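> Take this structure first; my questions come after.
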Amino acid sequence: MLAPITDPRPPERVRPDRFPVAENLCTVVTNGLVNDRYRHLVLAAPVPALDVRAGQFFHLLCPAAGSAQPFLRRPMSVYRVDRANGCIEFLYKVIGAGTQAMAALRPGDSFNALGPLGVGFTLDPAWRNIVVIGRGVGLATLAPLAELAAENGVGVTAILSAASPEYLMSVDLFAQAGGEVITVTDSDGSSAPDNVEAIVERLIAARRADAFFTCGSNRLMLLLKRIAAARGIPGQVALEQQMACGLGMCFCCVRAFEVDSEVVARRVCNEGPVFDLREALSW
Amino acid sequence: MVDLSVRVGALELQNPVMPASGTFAPELAQVVDLDRLGALVTKSFTRDFRAGNPTPRVAETDSGMLNSIGIPSKGLDHFLNETVPAYRRFRPPLVASISANTAEDFVALAREVSVRAVDAIEVNISCPNIEADGKAFAMHADMTERIMTRLRAATPKPLWAKLTPNVGDIAEIARAAEAGGADALVVANTLLAMTIDTDSFRPTLGSIMGGLSGPAIRPVIVRMVYQCARAVGIPVIGCGGISTARDAVEYLLAGATAVQVGTATFLHPTAMTAIIDELARWCDARGVARVADLVGAVRDDDLSADRYEAVR
């Protein structure tokens, strides 16, 4: 039943202006295998969750499943938001207790997703063409950039790296959004740093690299950081760290950054997870 | 409707539920209404800048977590100019948690933080004293009484001593803190603990050892609250693994006047307000008129246990 529109005090939970972050009680729609490494979780989510922006994350309360008994929440950046159908989506690799527990979720299960959290990717209005470079599960984090760039009329070249072709994620998302997709893999040797650097240099020469975006590989991040510094091109990197609260309270998830030649600690959950590429340090 | 208010020394709290230091920040206002809390307790800070410990700073274990944050701090000026105003947007009493490695720093900090906006000072005497070979002040009764005596002389604000559970006789430490002039005790900080990754053979925390918190430690700390509450006349604030209203009631029965909630907020940012709501419902259903009536109400004086003199 709808509340009368004259209700002077709507419930606090539905006032996103006051509580932009919520423990969203979601329902699992699907949780299928993409390949033998990755799974794709689709959650029907309430309104606060659907406000998530590219690069932001949710802090997931993974219910214990068999021997997988995660105690803390698990941070995971959103892979896709489907506002028309009221869904948020995650792409994940089963590694530890948290993702093992997630893999056991079945359609209809309830799932508590705290968020949306953190600072996501931003697009400068001056940028006409961006380059997105990611590897492994980092490709899931970068995927929402495809849509964000398309909405803003920004051209995207996505260089997607993986061990072998079957583990290339987000190819369709970037292609459907009108981006150019270049795939590189370890299996055919095309993911070697020299080759990736040559591709990036060609894009710079073609004036298609107003900014860089990266996630998922320390090696690629360092490569881009060096090229970006040499060419004066801005960039953003999405970083991971173990977290407890996800809200900036516990100071568990700090990483070191270099700001004006000084090394400072920043919270990945609160000041990130997306950071200025110039300030990010090797991990 | 139950009267949830409690009195911790000179401070009247609208309810007995407040955050544990280090598990709370104004950022939580993104998720819950902080004006509903019994008090606001800041993260511990030191006079000077401190970087904190290496990562990983957190590890999980069965029904709990280990942390080793190392009290990163931006110093006194930042606390007074940035942190205090950020908290003063909210109405509950503000408790400033202070930490120091030397008695001299502790005394100076207590004096300097005694500004109008601060309603009480929680003294984190669970941190290592570098003048005593790194042992925490609150690991020794004589050190506890000496530091509390000096702090008492340094500030007119209510002083809450936060004790460490890493001691053999917590009641002795509690009495020493009271003798030194503490207005209340917070029992307790985290239990010193360690876990090792059996794949990598490495300690799971960057600083090897850390503090265990969460439901895993609750029975240990309930016992300590019980022992402390019987040993002293000042209020005891229970802190250790509280996730539900029942957990809070357990602490009140053991003798706590109020409770602090920490790790539960990491799992559910709405934990504190949920506990307040549930506590009110529980009291109403049980016919408890004042939550203060539960304090120390454990029935430990009429135990009808069988006694066995020998096994035959």
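> Give the stretch B:34-59 a look and list any residue that's within 7 Å of chain A (Cβ to nearest Cβ) and on the phi < 0 side of the Ramachandran plot, or say none.
B:A51, B:T55, B:P56, B:R57, B:V58
> Moving to a separate point now. Of all residues in the stretch B:230-248, which are assigned to a helix (DSSP H, G or I), under 26 Å from B:A280 (Cβ atoms) and open to solvent by less than 30 Å² (accessible area, probe 1.4 Å)?
B:A245, B:D247, B:A248
> Next up: Do you know which residues across the stretch A:47-93 are open to solvent by 30 Å² or more (accessible area, probe 1.4 Å), under 17 Å from A:L25 (Cα atoms) and within 14 Å of another protein chain (Cβ to nearest Cβ)?
Answer for the stretch A:47-93, where residues must be open to solvent by 30 Å² or more (accessible area, probe 1.4 Å), under 17 Å from A:L25 (Cα atoms) and within 14 Å of another protein chain (Cβ to nearest Cβ): A:D51, A:L61, A:P63, A:A64, A:R74, A:P75.
> Another one. State yes or no: is B:T265 touching a residue at least 60 places away in the same chain (Cβ under 8 Å), touching a strand residue (DSSP E or B) at 6+ places or on another chain (Cβ under 7 Å) and either assigned to a helix (DSSP H, G or I) or of a type in the set (S, T, Y) (or both)?
When the stated conditions are applied, B:T265 passes them.
> If you don't mind, another one. Anything in the stretch B:18-58 that is open to solvent by less than 30 Å² (accessible area, probe 1.4 Å) and of a type in the set (S, T, Y)? List them, or say none.
If the condition is that a residue be open to solvent by less than 30 Å² (accessible area, probe 1.4 Å) and of a type in the set (S, T, Y), then B:S21, B:T23, B:T42, B:S44, B:T46 are the ones that fit.
> Restricting attention to the stretch A:240-255, does a residue exist that is away from every other protein chain (no Cβ under 12 Å) and not in a helix (DSSP H, G or I)?
No.
> Under 8 Å between Cβ atoms, at least 6 apart or on separate chains: pull out the pairs that start in the stretch B:53-65 with a residue that is more than 17 Å from B:L191 (Cα to Cα) and end on any residue that is in a strand (DSSP E or B).
Matching pairs, first to second residue: B:T55/A:V254; B:T55/A:R255.
> Can you say whether B:L94 is more than 14 Å from chain A (Cβ to nearest Cβ), in contact (Cβ under 8 Å) with a residue 60 or more places away in the chain and open to solvent by less than 10 Å² (accessible area, probe 1.4 Å), as far as the supplied structure shows?
In short, no.
> Also: For residues that are open to solvent by less than 40 Å² (accessible area, probe 1.4 Å) and at positive phi, tally how many sit in the stretch B:164-214.
Result for the stretch B:164-214: 2.
> Pull up the stretch B:60-79, narrow it to residues that are more than 16 Å from B:P215 (Cβ to Cβ) and within 8 Å of chain A (Cβ to nearest Cβ), then point me to the one that is surrounded by the most Cβ atoms within 10 Å (Cβ to Cβ).
Only one residue tops the list, namely B:I69.
> Additional query: Does A:M221 satisfy the condition of being in contact (Cβ under 8 Å) with a residue 24 or more places away in the chain, surrounded by 17 or more Cβ atoms within 10 Å (Cβ to Cβ), out of contact with any Asp or Glu (no Cβ under 7 Å at 6 or more places or on another chain) and within 14 Å of chain B (Cβ to nearest Cβ)?
When the stated conditions are applied, A:M221 does not pass them.
> Going through the stretch A:4-45 one residue at a time, which ones are buried (at least 17 other Cβ atoms within 10 Å of the Cβ), modelled with pLDDT of 95 or more and within 14 Å of chain B (Cβ to nearest Cβ)?
Hits for the stretch A:4-45 are A:V21, A:A22, A:E23, A:N24.
Residue-by-condition table, conditions (1) more than 14 Å from chain B (Cβ to nearest Cβ); (2) open to solvent by 10 Å² or more (accessible area, probe 1.4 Å); (3) within 26 Å of A:L60 (Cβ to Cβ):
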| site | (1), (2), (3) |
| --- | --- |
| A:V181 | yes, yes, no |
| A:R207 | yes, yes, no |
| A:K225 | yes, yes, no |
| A:A230 | yes, yes, no |
| A:V237 | yes, no, yes |
| A:C269 | no, no, yes |
| A:D276 | yes, yes, no |
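Residue-by-condition table, conditions (1) within 27 Å of B:V31 (Cβ to Cβ); (2) open to solvent by less than 20 Å² (accessible area, probe 1.4 Å); (3) within 14 Å of chain B (Cβ to nearest Cβ):
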{"position": "A:M102", "(1), (2), (3)": "yes, yes, no"}
{"position": "A:L105", "(1), (2), (3)": "yes, yes, no"}
{"position": "A:G108", "(1), (2), (3)": "yes, no, no"}
{"position": "A:G115", "(1), (2), (3)": "yes, yes, yes"}
{"position": "A:G120", "(1), (2), (3)": "yes, yes, no"}
{"position": "A:P125", "(1), (2), (3)": "no, no, no"}
{"position": "A:I130", "(1), (2), (3)": "no, yes, no"}
{"position": "A:R135", "(1), (2), (3)": "no, no, no"}
{"position": "A:G138", "(1), (2), (3)": "no, yes, no"}
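> State all residues of the stretch A:155-170 that are touching a Ser or Thr at 6+ places or on another chain (Cβ under 8 Å) and either part of a loop (DSSP other than H, G, I, E, B) or surrounded by fewer than 17 Cβ atoms within 10 Å (Cβ to Cβ) (or both); if no residue qualifies, say none.
A:A163, A:S164, A:P165, A:L168
The values are calculated or read from the model by the stated rules, or taken from the named source; none is laboratory data. This is a predicted model, so every value here is computed, not measured. Don't worry about glycine lacking a Cβ; one is built from the backbone with ideal geometry, like all the others, and counts go over all protein chains shown. Keep in mind that these areas ignore ligands, DNA and RNA; they rest on the heavy atoms of the full protein, side chains included. Shrake-Rupley method; radii C 1.70, N 1.55, O 1.52, S 1.80 Å.
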